[in-house]
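The values are calculated or read from the model by the stated rules, or taken from the named source; none is laboratory data. Keep in mind the model is a prediction, meaning the values are calculated, not measured. Every residue, glycine as well, gets a Cβ built from its backbone with ideal geometry; the counts of neighbours run over all protein chains shown.
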Amino acid sequence: MKYTLTRGGLAALEELLAAEGLAAKKARLYSKSLTDPSAAARAEGLAARHAARYGQLLALLCEQDAQGGGGV
């Protein structure tokens, strides 16, 4: 799908990318520090979902860059 992001849209995408990356990192750290195996597994699952969203956002950003960048 071809589309063009505005500068504002690109900035929002970059903010979401940073937030998902941080959320994945925090959830993974929490999962390693928890002593309850059930809670640790749940935190690891959250980390995996955040990491997957990070990957999807990164792919969008790379696709936008390959199309010649964003902005109008």
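Of note:
- Selection within the range 18-34 - surrounded by fewer than 14 Cβ atoms within 10 Å (Cβ to Cβ), more than 18 Å from Glu63 (Cα to Cα) and under 18 Å from the mean Cα position of the chain (by Cα): Leu22, Leu29
- Among the residues of the range 36-59, just one is surrounded by 17 or more Cβ atoms within 10 Å (Cβ to Cβ) and touching a residue at least 40 places away in the same chain (Cβ under 8 Å), namely Leu57.
- Glu15 fulfils the conditions (1) of a type in the set (Asp, Glu); (2) surrounded by 15 or more Cβ atoms within 10 Å (Cβ to Cβ); (3) within 20 Å of Leu57 (Cβ to Cβ) except for a single criterion, (2).
- For the range 17-72, the candidate set comprises residues that are within 30 Å of Thr4 (Cβ to Cβ) and among the charged types (D, E, K, R); within that set, the residue that is modelled with the lowest pLDDT is Asp65.
- Matching residues in the range 5-35 - criterion: being among the hydrophobic types (A, V, I, L, M, F, W, C), free of Cβ contacts under 8 Å to residues at least 12 places away in the same chain and assigned to a helix (DSSP H, G or I): Ala11, Ala12, Ala18, Ala19, Leu22, Leu29
- Single condition Met1 does not satisfy, out of (1) at pLDDT 95 or above; (2) part of a loop (DSSP other than H, G, I, E, B); (3) not small (Gly, Ala, Ser): (1)
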